[in-house]
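Structure first, commentary second.
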Amino acid sequence: MKSRGHMDIALDEARASALRGEVPVGAVVVAPDGRVIARAGNRVRELHDPTAHAEILALRAACALAGSERLPGHDLHVTLEPCAMCAAAIAQARIARLYYGAPDPKSGGVAHGARVFAHPQCHHAPEVYDEIAAPAASDLLRRFFAARRGPGD
């Protein structure tokens, strides 16, 4: 399945984020012709930037490549349900389809929490496909946070 292959690339970005000490989230922007045009992992700590989420960084790179603030017809694959900030950026970029892995009941902004795309103020809502490679994405996050807490925490 094409979307699973792209999610595998996003998972690679998430693993690289974890190795940098970042929350392991990865994102991939795919052009209408199926080419991966941008990929990123979280860099919040590295860049000292609370907006340096994987989705934002991938969208910035894809928009720069496209020479436009909008990416109609493009897909975004991300390993974790986007937060409200990222969901708003996805809407602003006019992403056609969002594929995400693990749900995020605590901080998600798509199926949980703010549910950005459901608001009447949201001018564009992508098609949403959830839980693509969710076990792998969830396991990566679980292992990352368990290592931070240590045994018995």
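The values are calculated or read from the model by the stated rules, or taken from the named source; none is laboratory data. Nothing here was measured: the structure is a model prediction, and the numbers come from that model. Note that each Cβ is placed from the backbone with ideal geometry, even for glycine, and that neighbours are counted across all protein chains shown. Accessible surface areas use protein heavy atoms only, side chains included; no ligands, DNA or RNA. Shrake-Rupley method; radii C 1.70, N 1.55, O 1.52, S 1.80 Å.
What shape does the range 54-95 have by the C-alpha gyration tensor, where a ≥ b ≥ c are the square roots of the eigenvalues, rounded means a/c under 1.5, and otherwise prolate means a/b greater than b/c and oblate the rest?
Working: a/c = 1.77, a/b = 1.61, b/c = 1.10.
The shape class here is prolate.
Could you work out what % of the accessible surface of the range 1-139 is carbon and sulfur, using a 1.4 angstrom probe and leaving DNA, RNA and ligands out of the count?
On the way: 3520 of 6480 Å².
The C+S portion of the solvent-accessible surface of the range 1-139 is 54 percent.
With springs only between Cα atoms under 10 Å apart, run a GNM on the chain and tell me which of A66, A88, A16 wobbles the most.
Of A66, A88, A16, the Gaussian network model singles out A66 as fluctuating most.
Starting from the Cα of R148, step 7 Å along the direction of its Cβ; do the same at T51; then give the gap between the two resulting points in nm.
Placing both labels 7 Å along Cα→Cβ, they lie 2.3 nm apart.
To the nearest 20 debye, what is the magnitude of the charge dipole of the chain about its Cα centre, counting +1 on the Cβ of each Lys and Arg and -1 on the Cβ of each Asp and Glu?
Numbers: 18 positive and 17 negative charges, 34 e Å.
It comes to approximately 160 debye.
Output the direction-averaged projected area (hull surface divided by four) of the convex hull of the alpha-carbon atoms of the chain, in nm². Write out the running numbers ahead of the final one.
Numbers: hull surface 35.3 nm².
Mean shadow area of the hull around the Cα atoms is 8.8 nm².
Starting from the residue with the highest accessible area, list Y129, Y100 in decreasing order, probe 1.4 Å. Mind showing how you got there, number by number?
Working: Y129 90, Y100 5 Å².
Solvent-accessible surface, decreasing: Y129, Y100.
For the chain, set up a GNM with springs between Cα atoms under 10 Å and report which of A137, A27, A114 has the largest fluctuation.
A114
Within the range 81-153, which trypsin sites (Lys or Arg not before Pro) sit in a loop by DSSP and count at most 10 neighbouring Cβ atoms inside 10 Å? Intermediate values should be presented prior to the final figure.
Working: sites: R94, R97, K106, R115, R142, R143, R148, R149; in loops: R94, K106, R115.
Listed in order of number, the matching sites are K106.
Work out the charge dipole of the chain with +1 on the Cβ of Lys and Arg and -1 on the Cβ of Asp and Glu about the Cα centre, then indicate which of S138, A40, G21 is farthest towards its positive end.
G21
In a shell of Cβ-Cβ distance under 15 Å around A125, excluding A125 itself, what net charge do Lys and Arg (+1) and Asp and Glu (-1) give? Show your work: numbers first, answer last.
Working: positive: R70, R94, R97, R115; negative: D75, E81, E127, D130.
For residues surrounding A125, the net value is 0.
Return the whole-Å distance between the Cα centroid of the range 102-153 and the Cα centroid of the range 1-45.
If you average the Cα positions of each part, the centres end up 14 Å apart.
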